[in-house]
1. Pop the C-beta distance of Val69 and Ile211 into the FRET formula with R0 = 25 Å and round what comes out to the nearest 0.05.
2. Note down the accessible area of His48, probe 1.4 Å, to the nearest 10 Å².
3. Of Lys132/Lys203; Lys12/Lys207; Lys160/Lys200; Lys160/Lys207; Lys81/Lys132, which sit over 32 Å apart, Cα to Cα?
4. If Leu114, Leu176 are ordered by their accessible area, calculated over protein heavy atoms with a 1.4 Å probe, which sequence runs from highest to lowest?
5. Just reorder Phe174, Phe151, Phe66 by solvent-accessible area, largest first, 1.4 Å probe, all chains present.
6. Could you give the size of the charge dipole of segment 109-181 about its Cα centre, using +1 on the Cβ of each K and R and -1 on the Cβ of each D and E, expressed in debye and rounded to the nearest 20?
7. Heads up, I need the accessible area for Met15: 1.4 angstrom probe, whole protein in place, Å², nearest 10.
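The values are calculated or read from the model by the stated rules, or taken from the named source; none is laboratory data. As the structure is a prediction and not an experimental result, all values here were calculated from the model. So basically every Cβ, Gly included, is an ideal-geometry build from the backbone, and we count neighbours across all protein chains shown. Only protein heavy atoms, including side chains, enter the accessible area calculation; ligands, DNA and RNA are left aside. Shrake-Rupley method; radii C 1.70, N 1.55, O 1.52, S 1.80 Å.
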Amino acid sequence: MSGILNSSIGRKFAMALSALFLMVFLVMHVSINFTSVFSEELFNNLSHFMGTNPLVQGLMQPILIFGVVFHFVMGFILEAKNRASRSVKYASNSAKDNSTWMSRNMLLTGVVVLAFLGLHMYDFWVHEMTVKYVEGDMSGLIDPNNAESGFRYYEELREKFVSPVRVGIYVVAFVLLALHLLHGFNSSFQSIGANNKYIKGLKGFSKVYSIGIPALFIFIAVYHHFTH
């Protein structure tokens with residue numbers, strides 16, 4: 001593994017695989033969250049299953065955390081290597097003429113998304129870990145001593161989107177995520193050697209994915225803000 005990561009191609013390949021893994025996770029994450037728009041019961045049941053299932057908590061969650069950390073660390077390494085390789089600058093070369101804004105600012109959008117991810121984990125993941133593993137409450141109930149109180153997940157989600165400032169942060173972060181994905185999606189497939197005959201179809205799919213997934217997250221936040 002260390003040998004692979006020592007080469008430029010190996011690092012790009014590993015970066016691409018981690019990106020594709022996180023893209024799959026985003027689909028699953030937004031699918032579960034979107035159920036909160038039309039079914040409180042379904043969202044509560046799915047959230048409780050994901051939050052208490054040993055396979056999800058003991059295996060999938062650590063893999064996901066590793067994937068997130070690996071992706072961002074590898075992104076910083078690749079950016080540092082790219083900057084170092086561009087030590088010779090040409091007066092006639094214009095970055096704006098040879099690349100898109102997204103490709104030139106992947107590090108910027110990545111940093112903002114990473115900062116937002118920290119806020120998101122503080123909002124939800126840290127709270128969940130505290131309730132379940134510090135307080136020892138695995139019931140998922142609003143009132144652990146009252147089985148009729150119902151699950152707490154739906155109400156906690158809606159509560160997070162009361163503040164217009166927080167919703168605004170979510171909207172900006174997901175717009176930047178869309179920009180990050182628009183460039184990163186195609187780069188990932190190119191890095192793993194996707195056949196050229198599929199490139200046109202992949203570009204179309206990548207646009208739908210890169211805009212659609214963040215748009216759904218934004219819709220969920222805005223919906224709960226205005227219907228609270």
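1. Here the calculated transfer efficiency is 0.40.
2. 40 Å²
3. Lys132/Lys203; Lys160/Lys200; Lys81/Lys132
4. Final ranking, largest accessible area leading: Leu114, Leu176.
5. Phe66, Phe151, Phe174
6. Taking the Cα centre of segment 109-181 as origin, the dipole is about 360 debye.
7. 40 Å²
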